[in-house]
1. Give the number of residues within segment 132-151 that are open to solvent by 40 Å² or more (accessible area, probe 1.4 Å) and modelled with pLDDT under 90.
2. Assuming VAL70 fulfils every condition listed in (1) surrounded by 21 or more Cβ atoms within 10 Å (Cβ to Cβ); (2) farther than 30 Å from ILE207 by Cβ apart from one, which condition is it?
3. Can you pull out the residues in segment 87-107 that are open to solvent by less than 10 Å² (accessible area, probe 1.4 Å), under 18 Å from LEU135 (Cβ atoms) and either part of a helix (DSSP H, G or I) or aromatic (Phe, Trp, Tyr) (or both)?
4. With the requirement that a residue be β-branched (Val, Ile, Thr) and open to solvent by 10 Å² or more (accessible area, probe 1.4 Å), what does segment 190-215 give you?
5. Since LYS63 meets every condition but one in (1) in contact (Cβ under 8 Å) with a residue 40 or more places away in the chain; (2) open to solvent by 20 Å² or more (accessible area, probe 1.4 Å); (3) closer than 19 Å to MET140 by Cβ, which condition does it not meet?
6. Taking the stated definitions as given, is ALA203 more than 14 Å from ILE35 (Cα to Cα), modelled with pLDDT of 85 or more and out of contact with any strand residue (DSSP E or B) (no Cβ under 9 Å at 6 or more places or on another chain)?
7. Quickly run through segment 73-86 and pick out the residues that are out of contact with any Asp or Glu (no Cβ under 9 Å at 6 or more places or on another chain) and surrounded by 16 or more Cβ atoms within 10 Å (Cβ to Cβ).
8. Can you spot a residue in segment 73-82 that is in a loop (DSSP other than H, G, I, E, B) and among the small types (Gly, Ala, Ser)?
Amino acid sequence: MLGNSANFQGGNPDNHPVEAGIGKWFGTVHKGGVIVPILISTLLICLTFVIERFLYLAKAKGKFSGSELVRKVQYHLANKNVDAALAECDKQKGSVGNVLKAGLKKYKEMISNTELDTDQKILTIKNEIEETTALELPMMEKNLVFLSTIASVATLLGLFGTVLGMIKAFASMSNTGAPDSAQLALGISEALINTALGIGTSAVAIIMYNYFTTNIDSITYAIDESGFTLTQSFAANHK
């Protein structure tokens, strides 16, 4: 697409890009140097992980918010209806629902347990919640390391490509023996394409990384709230 002959004067990719239209930008990017394909690949990788994390976290949030689920479960536990609380977890279908469901099953098991005292039962419920949470959190944070790496590396790649382009532009001028401002300007614009791609890719990675971590923090807070709710409810209702 970038190397299409229509993007260059005379239909020849060896010539300068056309002077107007989208083809001018495509042609300029095409002549940006060997780092440009790497930067474009980095951008595509970034977008792939953004889409993948967006879909997963949308599923992890569930059908309704974790805070709303905690309130519903708290209401059912106050009425000593554990089965109704479990049904709410099945409806939510998110990470908070998964953790609460595991905790509620252990909660229900501890109600009929006659071997442990109340403190031991509460500790058992708490351990079950912590174990389930330890399985959920890594899945939510999966692939975020790629976004954080791209956020740092993309800018450096862009600057590296720009430096190479500037070296090439000035080397070409020195070989001709006479300064050519138009040729220099074209060479600089082609070199700066690398910077633009690098900064743009880095910006997308940083913004989406922060967006995802904020969502994960919100889910984690709801999970912590759910664990506190279960243990406090058991302590209050089953002394």
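The values are calculated or read from the model by the stated rules, or taken from the named source; none is laboratory data. Predicted model only: the values in this text are computed from it and were never measured. Cβ: placed from backbone, ideal geometry, glycine included. Neighbour counts: every protein chain shown. Note: areas computed on protein heavy atoms with side chains; ligands, DNA, RNA excluded. Shrake-Rupley method; radii C 1.70, N 1.55, O 1.52, S 1.80 Å.
1. Here the count works out to 7.
2. Unmet for VAL70, out of (1) surrounded by 21 or more Cβ atoms within 10 Å (Cβ to Cβ); (2) farther than 30 Å from ILE207 by Cβ: (2).
3. CYS89, GLN92, SER95, VAL96, GLY97, VAL99, LEU100, GLY103, LEU104
4. ILE193, THR195, ILE199, VAL204, ILE206, ILE207, THR213, THR214
5. The number of the failed condition is (1).
6. Yes; evaluated as a whole, the condition is true for this residue.
7. GLN74, LEU77, VAL82, ALA85, LEU86 - these are the residues of segment 73-86 that are out of contact with any Asp or Glu (no Cβ under 9 Å at 6 or more places or on another chain) and surrounded by 16 or more Cβ atoms within 10 Å (Cβ to Cβ).
8. no
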